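I have placed the structure first, in the form of C-alpha cells, so that the comments after it can refer back to it.
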Amino acid sequence: MIFSLVKRNLKLYFRDKMTVFFSMLGVFIIILLYLVFLGDLMASNVTFPPNSGIDAEFFINSWIMAGVISVSTVTTTLGAYGVVVTDRADKVINDFKVSPIKRSALVFSYILSSFIVGLIMSIVSLAFAEIYIIISGGEILSFIGFIKTIGVILISVFMSSAVVFFVIAFVKTNNAFGAISTVFGSMIGFLMGVYVPIGNLVGVDKIIKVFPFSHSAVLMRQVLIEESVGDLSIIPSDYKQFLGIEFAFGDTVLPAIVHILIMLGVMVIFFILGVIAFSKKKESI
C-alpha cells in the first residue's frame, strides 16, 4: 500500500512542471548569477601562486557546483511536499481518511516520496555539475569522490526531508506553499553561503555557520574541491574559512564528522517535531 501511495505521489510531482521548476529555482538562480557576475566575483576572490599547481578555473567551478548540488537537495525536497498541500487543499485527505489506509502509512508515503524526489533531482544536479566541470576543462569525479558526494547528498536529503516535514504541517494552502517555495528558493543559496564567499559577509557569517543546511554545503565543497586540488591541506586554513570550505568557531575548526553529526541531529529532532505537529493536527492528515 505504501509503495502504491509513493508511486502516486511521484507521478503527481513530476507531472506538474511548475512544481518541478520551482523546486529547481534556487539552482537556476545560482547558475544565472554565476553566468552574469558571480563567476567574475569568484575569480577576483580566488587567486593562487603560479607554482601552486592548482587549476583556478577547476577550483572555482567546483566551488560553485558544490553550491548548486547542495541547494538542490533542499529545494527539490521541499517541492515534493507540495503533494501534501494539494491533497489537503483539494480535500483528498478526507478520501484517504475513510479508506482502509492507515494514517501512519499515508504520512510515511509523503516522507518517502519527498526523499526519493530529493535524491533523484540532486543526482540530476550532480550530473549537470559534472558535465559543466568537464566541459570547462576540469576532470570527472573519481570513484571515491563520487561515493563521498552521494553520501553527502543522502544525508542532506534526509535532513531536508525531516525539516520540511515539520514546516509543512503548518501550510494549508497552495498559495502559502508557493510563497514559501519562492522565498526559500531565493534565500537558501544566501543562507548556505553559496552566492558569495562567507568571508565577505561579516556578521552574517555567524548566522550561516549555525544554519543547518550550510553544513551540507561545507561537506560538498570539501569533496568537490579536494577533487580539483588533490589535497585540501595545501589550501591555507584562513582561505578555506573565507570560502566556506570549513567552518571555525574561534580557534576550533569543525571536522567533517561534526558536520555529519549536526545534520543527523537536526534530522532526528525535526522528524520528531514533525510527528508531534501532525499528531496534534488531526485535520491535516
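The values are calculated or read from the model by the stated rules, or taken from the named source; none is laboratory data. Only a predicted model underlies this, so the values are computations on that prediction, with no experimental measurement involved. Backbone-built Cβ (ideal geometry, glycine too); neighbour counts: all protein chains shown.
The table for this structure:
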read-out: Test result for Val223, touching an Asp or Glu at 6+ places or on another chain (Cβ under 8 Å), in a helix (DSSP H, G or I) and of a type in the set (Val, Ile, Thr); value: no
read-out: In segment 197-234, residue nearest to the chain's Cα centre (by Cα) [restricted to those that are among the small types (Gly, Ala, Ser) and surrounded by fewer than 18 Cβ atoms within 10 Å (Cβ to Cβ)]; value: Gly199
read-out: Number of the exception - Glu246 against (1) closer than 25 Å to Ser142 by Cα; (2) assigned to a helix (DSSP H, G or I); value: (2)
read-out: Helices (runs of 4 or more DSSP H) fully within segment 49-99 counting 1 or more residues that are more than 27 Å from the chain's Cα centre (by Cα) and β-branched (Val, Ile, Thr); value: 92-97
read-out: Conditions (1) aliphatic (A, V, I, L, M); (2) surrounded by fewer than 16 Cβ atoms within 10 Å (Cβ to Cβ); (3) touching a Phe, Trp or Tyr at 6+ places or on another chain (Cβ under 9 Å); (4) within 20 Å of Phe37 (Cβ to Cβ): number failed by Met187; value: (3)
read-out: Test: residue in segment 134-149 that is buried (at least 17 other Cβ atoms within 10 Å of the Cβ), at pLDDT 85 or above and over 17 Å from Arg221 (Cα atoms); value: no
read-out: Subset tally (residues that are surrounded by fewer than 22 Cβ atoms within 10 Å (Cβ to Cβ), part of a helix (DSSP H, G or I) and either touching a helix residue (DSSP H, G or I) at 6+ places or on another chain (Cβ under 6 Å) or among the polar types (S, T, N, Q) (or both)) for segment 169-180; value: 2
read-out: Flag for Val117 being touching a Phe, Trp or Tyr at 6+ places or on another chain (Cβ under 6 Å) and closer than 24 Å to Val27 by Cα; value: yes
read-out: Residues (surrounded by fewer than 22 Cβ atoms within 10 Å (Cβ to Cβ) and in contact (Cβ under 8 Å) with a residue 60 or more places away in the chain) located in segment 65-95; value: Val85, Thr86, Arg88, Ala89, Ile93
